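S.K.: Please read through the structure below; I'll follow up with questions.
The values are calculated or read from the model by the stated rules, or taken from the named source; none is laboratory data. These numbers were taken from a predicted model, which means no experiment stands behind them. Note that each Cβ is placed from the backbone with ideal geometry, even for glycine, and that neighbours are counted across all protein chains shown.
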Amino acid sequence: MSDQGIDPYKHVKNYDSWRRKEGLVNKTKILVGSVRQPASIESAFFAGADVVTTSKSNIVKLADQLMADEANRLFQETNL
């Protein structure tokens, strides 16, 4: 989507808002597929996606980033 100039966050958020308004949350799932960038995985879930598919290498990159963020947070807390 982003390759075509479409904002995937906005697109997923709109569908999630619609299904919530219609009472379809328990009957439907939003799947975001073939994500190529680790940051887009997080964005998709924040927008309301239930399932995101991506490569194993992107999962590893995302996990590394989350661990680095947590380490930085802990460092900041202990040095205040």
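S.K.: I'm trying to understand the selection: among the residues of the range 29-45, which are surrounded by 13 or more Cβ atoms within 10 Å (Cβ to Cβ) and of a type outside the set (D, E, K, R)?
M.R.: Kept after step one, since they are surrounded by 13 or more Cβ atoms within 10 Å (Cβ to Cβ), are these residues of the range 29-45: 30, 32, 35, 37-38, 40-45.
Answer for the range 29-45, where residues must be surrounded by 13 or more Cβ atoms within 10 Å (Cβ to Cβ) and of a type outside the set (D, E, K, R): Ile30, Val32, Val35, Gln37, Pro38, Ser40, Ile41, Ser43, Ala44, Phe45.
S.K.: Check Ser34 against each of (1) hydroxyl-bearing (Ser, Thr, Tyr); (2) farther than 23 Å from Asp3 by Cα; (3) touching a residue at least 12 places away in the same chain (Cβ under 8 Å) and name the one condition it does not meet.
M.R.: Looking at each condition in turn, Ser34 falls short on (2).
S.K.: Scan the helices (runs of 4 or more DSSP H) fully inside the chain and keep the ones with 2 or more residues being on the phi < 0 side of the Ramachandran plot, among the β-branched types (Val, Ile, Thr) and modelled with pLDDT under 95. Explain how you work it out, then say what you get.
M.R.: Working: elements: 8-21, 38-47, 56-78.
In the chain, the matching helices (runs of 4 or more DSSP H) lie at 56-78.
S.K.: Whether any residue in the range 37-45 is over 13 Å from the mean Cα position of the chain (by Cα) and free of Cβ contacts under 8 Å to residues at least 24 places away in the same chain is what I want to check. Please lay out each step first, then the result.
M.R.: Of the range 37-45, the ones over 13 Å from the mean Cα position of the chain (by Cα) are none.
No.
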